[in-house]
Amino acid sequence: MRVHLAVYARGLRRHSTYRAATAAGALTNAVFGAINAMVLLSVFEARPQINGYDAGDAVTQVFVGQMLLTVTMIISVAPSLDLAEHIRTGEIATDLLRPLSLQGWWLSQDLGRATFGLLFRGAPVFAVGLILFDATLPGGVGDALAFLVSVALAALVGFGLRYLYSLSGFWILDTRGVWMVTGLIGPIAAGMLLPLALFPTAIGDTLRLLPWASMVQIPTEILLGKDTLPGGGAFGGLALQAFWAVVLLALGAWLSTVATRRVVVQGG
């Protein structure tokens with residue numbers, strides 16, 4: 001456990017080094033959030049309610065999405081986990097020599113990155129939404145705790161998906177095509193670009209059950225206290241996120257074992 005914590009701290013320190021890049025990224029997220037929010041406000045001027053969402057809900061989702069962008073790395077058409085490059089270059093051999101599981105090492109490091117991104121890039125961006133657009137805050141301590149747990153689960157789901165994208169490099173060697181496709185599909189299925197409530201009901205309900213929705217749509221609905229969550233409340237939403245986190249991490253652990261055998265067979 002101490003090794004995992006050390007790797008976590010290493011990931012946090014690594015990303016805290018690039019302070020100018022962090023500030024520039026936060027500014028970029030805030031600008032894109034403001035643009036998206038103004039577009040949605042125009043939509044809701046014509047129709048104040050859409051499937052239980054009003055203008056305030058939509059604006060809140062925009063800034064929750066921007067806040068979680070660096071936590072989940074959902075918009076990424078290039079590999080956002082160094083593991084993909086390690087597999088391509090052969091550096092993965094060094095990773096496999098470490099006295100930790102491959103997935104455990106990269107998860108610890110990525111959670112350090114996600115923590116820094118949430119605190120020093122995501123939180124300031126959400127503050128812009130609060131100041132300029134009156135985004136919604138949790139209604140009480142219980143709601144705030146549920147939202148924080150949801151954010152943590154969103155980080156696990158985001159890592160689980162990106163880890164699987166990276167592992168595909170053991171079979172196809174160059175994973176850039178996988179990242180490009182998922183980097184375009186993921187934000188739509190997650191509710192990052194447009195709240196799933198604005199989709200036709202059947203499509204929105206289906207997308208809400210997929211793992212991508214656990215990175216933006218479900219945390220937002222937990223924050224807003226929506227009854228559209230699976231099970232009708234925050235507990236159901238958290239249960240769905242936990243389900244996908246467990247499934248993706250378990251699948252990643254199994255594929256890591258399969259991939260390691262492949263490396264040995266290839267003489268790597």
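The values are calculated or read from the model by the stated rules, or taken from the named source; none is laboratory data. Because the structure is a prediction, the values reported are computed rather than measured. Glycine also receives a Cβ, built like all others from the backbone with ideal geometry; neighbour counts cover every protein chain displayed. Side chains included, ligands, DNA and RNA excluded: accessible areas come from the protein's heavy atoms. Shrake-Rupley method; radii C 1.70, N 1.55, O 1.52, S 1.80 Å.
Some notes on this structure:
- Positive-end residue of Trp106, Val149, Thr136, charge dipole of region 99-181 with Cβ unit charges: Trp106
- Relative to the longest principal axis of the Cα atoms of the chain, the long axis of helix 102-117 lies at roughly 40 degrees.
- Taking a point 7 Å from the Cα of Thr206 along the Cα-to-Cβ direction, none of the residues of region 223-248 has its backbone N closer than 17 Å to it.
- The listed peptides 153-162, 181-190, 12-21, ordered by packing as a protection proxy, come out as 153-162, 181-190, 12-21 (highest mean of other Cβ atoms within 10 Å first).
- Net lengthening on full extension, Ala78/Arg2 (0.36 nm per residue, minus Cα-Cα): 24.2 nm
- For the listed peptides 58-68, 133-143, a ranking on the average number of other beta carbons within 10 Å per residue, highest first, reads 58-68, 133-143.
- Working note: Cα gyration tensor of region 114-165, eigenvalues times five, square-rooted, sorted largest first, giving semi-axes of 23, 15, 9 Å.
- The slack in the chain from Val43 to Trp254, taken as 0.36 nm per residue of separation less the alpha-carbon distance, amounts to 71.4 nm.
- Lys, Arg +1 and Asp, Glu -1 on Cβ, resulting dipole of the chain about Cα centre, debye, nearest 20: 900
- Summary of the geometry: region 141-167 and region 196-268, compared by the centres of their Cα atoms, lie 9 Å apart.
- Per residue, the chain exposes an accessible area of 47 Å² to a 1.4 Å probe, with every protein chain left in place.
- In this Cβ point-charge picture (+1 for Lys and Arg, -1 for Asp and Glu), region 149-236 has a dipole of about 140 debye about its Cα centre.
- With every protein chain in place, the chain: carbon and sulfur % of accessible area (1.4 Å): 70
- Across the chain, C-alpha contacts under 8 Å between residues 6 or more apart give a mean separation that, scaled by the residue count, equals a relative contact order of 26 percent.
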